[in-house]
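The values are calculated or read from the model by the stated rules, or taken from the named source; none is laboratory data. Treat the numbers as computed from the prediction; the structure is a model and nothing was measured. Quick reminder, even Gly has a Cβ in these numbers, built from the backbone with ideal geometry, and neighbours come from all protein chains shown.
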Amino acid sequence: MPKSPQSHLDPRQPLVVDTTKLPRQPGATRALSRVVPAPADLGLELISVPEGSDLELDLSMTSVSEGVYISGAVRGSLSGECGRCLNEIGTSFEVSIAELFAYEDSTTEETTDDDEVGRMQGDLLDLEPAIRDAIVLTLPTNPLCRPDCPGLCPECGVHFDDLPADHSHEDVDPRWAALRNLTAESPEAAAPQQEQYSKE
Ligand SMILES: [Zn+2]
Ligand SMILES: [Zn+2]
C-alpha cells in the first residue's frame, strides 16, 4: 500500500508532543502533564468541548521497542444543548487514552495502517486524533439536561416542567378552534360560513 502523504507536524501546536527528552530505551518513561487550549470542532453537533477551553492532559509517555506509548487521562469541559428541551448543558468529562505511536521506519510502521497505529515524525507525535476519537466515542448523540427531562410540549413549545400535569391541546388545528368558537358563540353567524365550506 502506498503511504499516505503526511503533513509536517508543528511542535508549536498544543497537542503535538516533542519526545526528545524521552530516552529511546524500552521502558523509559516521562510524565506528560499540561493544560492546552481545546482545538475547534472537538465533539458532536449537540455537545462539544468549547474551542479554547482548558484541556488537561494527565498522561505518561513510555518508550517501547517500536515507538512511544502514550496513556493516561484527558479532562475538560463540555457544553451543549439538551436534545429534548434545548436547555444549555454544561458538564465535564474525563477520557482514557492508550495509543502507540510507531517510530518512522519501524516494523510496526511498515506493517500497520496509520489509522490503526499512530505515527511519529522524528521525535514529534500528534495527540489530537487520539484525543478526538476518545472524546467523540464517549459523547451521547442525543445529550440530555437530565436523564428524565420531559422535553417541550410539541404544540406550544413550553417546557413540560413549566406546565400543569393535565396540560393538553384539544384542537390541533387553529382553524377548527376558530370555527368551533364561532359556532358556540353565535350559531346564526356560523351557518352561512358552513354553507360556503360545503360549496367548495
Ligand atoms: Zn432537557
Ligand atoms: Zn402545550
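Observations on the model:
- Filter result for the condition that a residue is more than 16 Å from ligand 1 (Cβ to nearest atom), at pLDDT 60 or above, in a helix (DSSP H, G or I) and under 27 Å from L46 (Cβ atoms), over R180, R132: R132
- In region 17-24, the count of residues that are free of Cβ contacts under 8 Å to residues at least 40 places away in the same chain and either part of a strand (DSSP E or B) or not assigned by TED's automatic domain parsing to the domain that holds D105 (or both) is zero.
- Candidates are the residues of region 70-126 that are assigned to a loop (DSSP other than H, G, I, E, B) and among the β-branched types (V, I, T); the one that is nearest to ligand 1 (Cβ to nearest atom) is V117.
- Condition broken by H167, with the remaining ones in (1) at pLDDT 95 or above; (2) in contact with a Phe, Trp or Tyr (Cβ under 8 Å, 6 or more places away or on another chain) satisfied: (1)
- Flag if S63 is in contact (Cβ under 8 Å) with a residue 24 or more places away in the chain, assigned to a strand (DSSP E or B), more than 16 Å from ligand 1 (Cβ to nearest atom) and out of contact with any Leu (no Cβ under 8 Å at 6 or more places or on another chain): no
- Qualifying residue in region 91-100 (condition: touching a strand residue (DSSP E or B) at 6+ places or on another chain (Cβ under 8 Å), in the same structural domain as D126 (by TED's automatic domain parsing), under 30 Å from D161 (Cα atoms) and free of Cβ contacts under 8 Å to residues at least 24 places away in the same chain): yes
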